[in-house]
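Single-structure report; data block below.
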Amino acid sequence: MSEPFTIAIDGPAAAGKGTISKAVAAHFQCAHLDTGLLYRVVGAQVLQGAEAIEVARSLTAEDLEIDGLRTAAVAQAASKVAVIAEVRAALLDFQRAFARRSGGAVLDGRDIGTVICPQAEVKLFVTASAEVRAKRRYDELIGRGETADLAQVIEDVRARDARDMDRAEAPLKPADDAHILDTSDLAIDQAVAQAIAVIDARR
Ligand code: DC
């Protein structure tokens, strides 16, 4: 892909969109931006006492490399700062510039197909049941050596879904022209293969 070509991959937490996005970017040899990291940087700094809008306005690509962005506490903080309109507005240009770089780009998040890149050449909405997503997140936490309680993880997933879907600003929802990919009953390689097939069909 030498021309700009944007692949928008949205969906709720732990639906598999991160893994699918990385695999798709590797397959098509294009850049990948996990846009959740932008909100996680802001959330992490807020937990340290910073002011959300100021952090969002001064965010740089290097900030995405900082450690500790993957914890459950930072995920909840990210979801909270993500409801602030000024935070979302401050992060818009960074995402749009990334999306139109030459060579193609995969962006994954919640509002890529609806708000950030409504003109994206391909839009996927990756989803799965809350129980399946919570179990995956639980296994991931345990795999990283963290302690976790499955009932608590299900509650966290539901709380984050509700906050992400019910907010006024850029709520989580599929774009009208998104292809829905439900991964509840798919192994990861099957989900990746389906995503690649959808993208190939649109190229
Ligand atoms: O994808 P993630 O779990 O890293 O995202 C963390 C939070 O950031 C998520 O709960 C909502 C917010 N987010 C968002 O509002 N818009 C995006 N494009 C990506 C993430």
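Every number here is computed from the coordinates shown, using simple stated rules; none is lab data. Only a predicted model underlies this, so the values are computations on that prediction, with no experimental measurement involved. Neighbour counts run over all protein chains shown; Cβ positions are idealised from the backbone, glycine included.
Check whether at least one residue in the range 170-186 is farther than 22 Å from Val106 by Cα, touching a Leu at 6+ places or on another chain (Cβ under 9 Å) and either within 16 Å of the ligand (Cβ to nearest atom) or small (Gly, Ala, Ser) (or both), and report yes or no. No, that holds for no residue. Filtered by the rule that a residue be within 13 Å of the ligand (Cβ to nearest atom) and not β-branched (Val, Ile, Thr), the range 104-119 gives Leu107, Asp108, Gly109, Arg110, Asp111, Gly113, Cys117. Scanning the range 9-23 for residues that are crowded, with 24+ Cβ neighbours inside 10 Å and of a type in the set (Val, Ile, Thr), which turns out nearest to Cys117 (Cα to Cα)? Ranking the candidates gives Ile9 first.
The set of residues in the range 58-89 that are assigned to a helix (DSSP H, G or I) and away from the ligand (no atom under 13 Å from the Cβ) comprises Ala61, Glu62, Asp63, Glu65, Glu86. When we screen Ser129, Ser58 for residues that are touching a residue at least 40 places away in the same chain (Cβ under 8 Å) and either loosely packed, with under 13 Cβ neighbours inside 10 Å or not acidic (Asp, Glu) (or both), the only hit is Ser129. For the range 102-155, what are the residues that are assigned to a loop (DSSP other than H, G, I, E, B) and more than 17 Å from the chain's Cα centre (by Cα)? Those that are assigned to a loop (DSSP other than H, G, I, E, B) and more than 17 Å from the chain's Cα centre (by Cα): Ser102, Gly103, Gly104, Gln119, Glu121, Arg144, Gly145, Glu146, Thr147, Ala148, Asp149. I'd like the residue in the range 1-40 that is touching an Asp or Glu at 6+ places or on another chain (Cβ under 7 Å) and part of a helix (DSSP H, G or I) and, out of all such residues, is farthest from Glu65 (Cα to Cα). Ranking the qualifying residues of the range 1-40, first place goes to Lys17. With respect to Thr6, determine if the residue is surrounded by 15 or more Cβ atoms within 10 Å (Cβ to Cβ), more than 11 Å from the chain's Cα centre (by Cα) and more than 22 Å from Asp139 (Cβ to Cβ). Criteria met by Thr6.
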